[in-house]
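The values are calculated or read from the model by the stated rules, or taken from the named source; none is laboratory data. None of the values given here were measured: they were computed from a predicted structure. Here the Cβ is made from the backbone with ideal geometry for all residues, glycine too, and neighbour counts use every protein chain on show. Note: areas computed on protein heavy atoms with side chains; ligands, DNA, RNA excluded. Shrake-Rupley method; radii C 1.70, N 1.55, O 1.52, S 1.80 Å.
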There are 2 protein chains.
Amino acid sequence: MTALDAFADVVGPAACLTETHDIEPYSLDWRGNFNARPTAVVKPASTEEVARVLAVAKAADLAVVPAGGRTGLCGGAVALANGPASIVLSLERMNQIRDIDPQDFSIVAEAGCVVETVQNAAAEAGRLFPIQWGAQGTAQIGGMLSTNAGGIRTLSWGNARDLVLGLEVILPDGRVLDDLRRVRKDNSGYALRHLFIGAEGTLGIITAAALRLAPELKRVETAFIAVPSPDAALALYGRFRESGADLIGFELAARYSMELANRFGPVRVPLALDAPWYVMAEIAAAHPSVPLRDMMEETLGTAMEAGDVLDAVLAESEQQRLSIWKIREDLPECTRQGGPTVNTDTSVPVSAVPKFLNTVVSEVERRWPEGRIIAVGHAGDGNIHCSLQAPEGWDQGRPAWAARADGFESRVNEIAVSLGGSFSAEHGIGQSKRHAMVTHKNPVALDVMRQLKATLDPDDRMNPGKVLP
Amino acid sequence: MTALDAFADVVGPAACLTETHDIEPYSLDWRGNFNARPTAVVKPASTEEVARVLAVAKAADLAVVPAGGRTGLCGGAVALANGPASIVLSLERMNQIRDIDPQDFSIVAEAGCVVETVQNAAAEAGRLFPIQWGAQGTAQIGGMLSTNAGGIRTLSWGNARDLVLGLEVILPDGRVLDDLRRVRKDNSGYALRHLFIGAEGTLGIITAAALRLAPELKRVETAFIAVPSPDAALALYGRFRESGADLIGFELAARYSMELANRFGPVRVPLALDAPWYVMAEIAAAHPSVPLRDMMEETLGTAMEAGDVLDAVLAESEQQRLSIWKIREDLPECTRQGGPTVNTDTSVPVSAVPKFLNTVVSEVERRWPEGRIIAVGHAGDGNIHCSLQAPEGWDQGRPAWAARADGFESRVNEIAVSLGGSFSAEHGIGQSKRHAMVTHKNPVALDVMRQLKATLDPDDRMNPGKVLP
């Protein structure tokens, strides 16, 4: 029996794709930067099938690339061009919600569940699954966890990692690590789940997770705010936090990002674009009697008197609120339409955000004056995405712009790291940031990571060429 | 130069203890169950000194037992009786707060900082360091993290692990893993910090941590409540959570625990002891305009109408509030005075708490009818400590009671695990729960833990005989 027959034997012929047109969608990464054809795409439907697929892969000496919704931005879910012969192991058929326990504020979902499906299941049970980002309608739980996804709702509830109570993982040798308990407290030895969260499938395959839910939000107030500078934005952030309101979203965007939204997005920005920076802020309460509108107006009022706010508009309806967040969510797509772009994904301590942005902006003005700076991000987390876009009418294509902007990414990373930050905040490493691991990662940390990888995956079978340089 | 001279050379002669009377306090664990004399107690004052002490220990083939405030309950911070020759490496002199950044809601503290010192530093900066438990005036940050301490404030802010932004760790080979960044988002490879948190010093020594702070609480409402059953307590918990109030404490205690408090504690319980179970509940708000008293009264009122609450008293002053929590914090000491006791530390999903308690109670009534059951714990986390105390007037000593109560611990652990819970919720494993690791831990998980230990500490030098069976 060939390996392909053996895979088909495990998952059924219809779930073992070998034809080019079937495999193509699994070959190209979301951003279109990486393209490699796997030997097959194998879609197991159960934990046991995943384990058996790994055993077949081992026998055939094939590498295994785990894939979910494949919305990752670093090329982590596609095979390696010029790499070892690989299969893509797609979890999409493992899409059951195994359990939801509103009293326990928990849900157990398989890796192939679409994130939005879990959000909806929680909402139907009167609960909130708080992770939220643009790709949530496509991204899956396994990918969300394997990349430790962030997004616009991490201020109160943390990143994907922070929502995990327990995991079910298939180890590279096919053994099942069943640690799917729903307990809040468990100090019985090393916290193995955290090794696999954010490991991008290089240490094993997450097949299911027990996840924490939050109380549903009874009231929300959302504002779209013009501010004169990153320093003013930070001061406004401080005012919200000092007030004691529960700030659940605080996004910052440079004017040019908002111009892109107006030009390419479906929703008009609700303020004139005469300010250099804009903030989207949201406060919330799970209890209906919290005077949320007063809190919002008081904070914005005192900030305006102090000169930290130039103008602001409050969402007067759920429709207006969704419009504000739609502007934010569509920004990656609007950016893409605006022209070739070089991207970064850095974080710094929240208090260092103004210094970070001021340094990046002045560096761009000096070295790439024709470039247009897109700065947008989760300022309340210190995680700003700075991108450099080709000038209006650039007709030399993406590679030429990447060449022209050479040094931008490494310089932004350097600035972030020099301020005590990270060169990879929420998108992960995948293929596209491995070079930055060499430059910026603490060598002792890198060495320990390599030791762990060699221990758990001595054949380097799991997603080779990802994460570790 | 002897090893002792070499240690003294690194840390100074005054910080290298070799005399019996100096070493004694470091030989006996908090509960008095484990006693072993180390070769020396070495107290480095800096990260570099810790690394050099490890190098000397390696050259002399001495095991290293890291110690902080030594308030752990499982014998993790004392040397192993009949084990290899060991030093206790006490972090007590590394007690500096290196940085506090209120704007960033973060603090960087060395391992030897007393937990209360960090709480106070945060409070002075208008912030809250939310971890809280009875031993906080003695326990140190390094021990808090190495045991992933829980306590009575984990409902909103999580366990110690959840507060860590970055760590500085000395690896067993003396290398410094400097990952002390204060960023909220960092997906640059594996989350190494989580390996060392909760590892009880078996994989390396935590020397400093960057920790998350929360907004200070502007208002708090606290109630002491009589309930008819664990089911009613769970229903009350559900009402608080459903209401949307921010529930920051929810402790449950069986009547006999409260009798111990009245008998041995400094504070009288504020209700008559005619109910079988009692709850201490606290809701809080960081914003002064949240109508907290109304929220509390409404929840208790509807719960009383439904029969889930028998009686309740609200704290009318900060003094009364502190008294309620003093009852809770002193319970371990009151328990000790009540007679010989066999203890457990289990957790289950929150929704399974009533079934867990009902099963334990009926099992005790059947098998140990003369025993007095102390059940007290963090019901909102599913973490209840069940203990079996010898009958009034027991004069045969602790070992005889332990023999009589033989099987209690393993049966409680078994009940918790069968309900999807953990046999070790917040105290860790240390020496005293290693046997339970053999019985109850998933063998694949155990095997992976052993692999990690062998990889990072191939000489088994770091705290041998702890955590892993």
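Hey, does segment B:356-367 have a residue that's free of Cβ contacts under 8 Å to residues at least 24 places away in the same chain, of a type outside the set (A, V, I, L, M, F, W, C) and within 26 Å of B:ALA81 (Cβ to Cβ)? Taking every residue of segment B:356-367 in turn, none turns out to be free of Cβ contacts under 8 Å to residues at least 24 places away in the same chain, of a type outside the set (A, V, I, L, M, F, W, C) and within 26 Å of B:ALA81 (Cβ to Cβ).
To keep it simple, each residue is scored yes or no on (1) of a type in the set (Phe, Trp, Tyr); (2) more than 9 Å from chain A (Cβ to nearest Cβ); (3) touching a residue at least 24 places away in the same chain (Cβ under 8 Å); (4) open to solvent by less than 30 Å² (accessible area, probe 1.4 Å).
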{"site": "B:ARG404", "(1), (2), (3), (4)": "no, yes, yes, no"}
{"site": "B:GLY407", "(1), (2), (3), (4)": "no, yes, yes, yes"}
{"site": "B:SER424", "(1), (2), (3), (4)": "no, no, yes, yes"}
{"site": "B:SER432", "(1), (2), (3), (4)": "no, yes, yes, no"}
{"site": "B:ASP447", "(1), (2), (3), (4)": "no, no, no, no"}
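Are there any helices (runs of 4 or more DSSP H) wholly within segment B:1-88 with 1 or more residues that are in contact with a Phe, Trp or Tyr (Cβ under 9 Å, 6 or more places away or on another chain) and either farther than 24 Å from B:ILE141 by Cβ or open to solvent by 20 Å² or more (accessible area, probe 1.4 Å) (or both), and if so which? Passing ranges, in order: B:47-59. Look at (1) touching a Pro at 6+ places or on another chain (Cβ under 7 Å); (2) farther than 30 Å from B:THR341 by Cβ and you find that B:VAL290 fails only one, number (1). Filtered by the rule that a residue be out of contact with any Phe, Trp or Tyr (no Cβ under 6 Å at 6 or more places or on another chain), of a type outside the set (D, E, K, R) and surrounded by 24 or more Cβ atoms within 10 Å (Cβ to Cβ), segment A:280-290 gives A:ILE283, A:ALA285, A:VAL290.
For segment B:396-455, residues that are part of a helix (DSSP H, G or I), within 24 Å of B:ASN35 (Cα to Cα), more than 24 Å from the chain's Cα centre (by Cα) and not charged (D, E, K, R) total 5. Applying a threshold of 7 Å to beta carbon distances and a minimum spacing of six or more residues, or different chains, the list of pairs starting in segment B:268-296 at a residue that is at the interface with another protein chain (Cβ under 10 Å from one of its Cβ atoms) and in contact (Cβ under 8 Å) with a residue 12 or more places away in the chain and ending at one that is among the aromatic types (Phe, Trp, Tyr) and open to solvent by less than 30 Å² (accessible area, probe 1.4 Å) reads B:ILE283/B:PHE240.
Could you tell me whether segment A:343-355 includes any residue that is surrounded by fewer than 24 Cβ atoms within 10 Å (Cβ to Cβ), under 20 Å from the mean Cα position of the chain (by Cα) and farther than 21 Å from A:LEU236 by Cα? Yes, segment A:343-355 contains at least one residue that is surrounded by fewer than 24 Cβ atoms within 10 Å (Cβ to Cβ), under 20 Å from the mean Cα position of the chain (by Cα) and farther than 21 Å from A:LEU236 by Cα. In the condition set (1) touching a residue at least 40 places away in the same chain (Cβ under 8 Å); (2) crowded, with 23+ Cβ neighbours inside 10 Å; (3) out of contact with any Leu (no Cβ under 8 Å at 6 or more places or on another chain), B:CYS113 is compliant with all but (1).
Taking the conditions exactly as written (open to solvent by less than 10 Å² (accessible area, probe 1.4 Å), within 12 Å of chain B (Cβ to nearest Cβ) and under 21 Å from the mean Cα position of the chain (by Cα)), does A:THR202 satisfy them or not? Please lay out each step first, then the result.
Numbers: open to solvent by less than 10 Å² (accessible area, probe 1.4 Å): yes; within 12 Å of chain B (Cβ to nearest Cβ): yes; under 21 Å from the mean Cα position of the chain (by Cα): yes.
Criteria met by A:THR202.
Pairs linking a residue in segment A:1-29 that is of a type outside the set (Lys, Arg) to a residue that is open to solvent by 80 Å² or more (accessible area, probe 1.4 Å) and outside any loop (DSSP other than H, G, I, E, B), with Cβ atoms under 6 Å and 6 or more positions apart or on different chains, are A:VAL10/A:ARG52; A:SER27/A:ASN35; A:LEU28/A:ASN35.
Residues in segment A:243-266 that are assigned to a helix (DSSP H, G or I) and out of contact with any Ser or Thr (no Cβ under 9 Å at 6 or more places or on another chain): A:ARG255, A:TYR256, A:MET258, A:GLU259, A:ALA261, A:ASN262, A:ARG263.
Would you call B:SER323 at pLDDT below 95, open to solvent by 10 Å² or more (accessible area, probe 1.4 Å) and either touching a His at 6+ places or on another chain (Cβ under 9 Å) or away from chain A (no Cβ under 11 Å) (or both)?
Details: at pLDDT below 95: no; open to solvent by 10 Å² or more (accessible area, probe 1.4 Å): yes; either touching a His at 6+ places or on another chain (Cβ under 9 Å) or away from chain A (no Cβ under 11 Å) (or both): yes.
So B:SER323 does not fit the description; no.
Among all positions in segment B:282-305, there is no residue which is on the phi > 0 side of the Ramachandran plot and small (Gly, Ala, Ser).
Selection of segment B:455-467 for residues being facing chain A (nearest Cβ under 8 Å) and open to solvent by 20 Å² or more (accessible area, probe 1.4 Å) yields only B:THR455.
Scanning segment B:155-174 for residues that are within 20 Å of B:ARG127 (Cβ to Cβ) and open to solvent by 10 Å² or more (accessible area, probe 1.4 Å) yields B:LEU155, B:SER156, B:TRP157, B:GLY158, B:ASN159, B:ARG161, B:ASP162, B:LEU165.
Residues of segment A:93-133 that are under 24 Å from A:VAL65 (Cα atoms) and small (Gly, Ala, Ser): A:ALA109, A:ALA111, A:GLY112.
Would you please name the residue that is nearest to A:ALA375 (Cα to Cα), looking only at residues in segment A:225-248 that are more than 14 Å from chain B (Cβ to nearest Cβ) and buried (at least 24 other Cβ atoms within 10 Å of the Cβ)?
Of segment A:225-248, the ones more than 14 Å from chain B (Cβ to nearest Cβ) are A:225-229.
Right, trim to buried (at least 24 other Cβ atoms within 10 Å of the Cβ) and you get A:225, A:227.
Values: A:ILE225: 16, A:VAL227: 14 Å.
The extreme case among them is A:VAL227.
In this structure, is B:ALA121 more than 14 Å from chain A (Cβ to nearest Cβ), surrounded by fewer than 19 Cβ atoms within 10 Å (Cβ to Cβ) and at pLDDT 95 or above? Yes.
Only residues that are basic (Lys, Arg) and under 30 Å from A:CYS334 (Cα atoms): list them for segment A:1-56, please. Spell out the reasoning first.
Of all residues in segment A:1-56, those basic (Lys, Arg) come to A:31, A:37, A:43, A:52.
Once the filter is applied, which keeps residues that are basic (Lys, Arg) and under 30 Å from A:CYS334 (Cα atoms), segment A:1-56 yields A:ARG31, A:ARG37.
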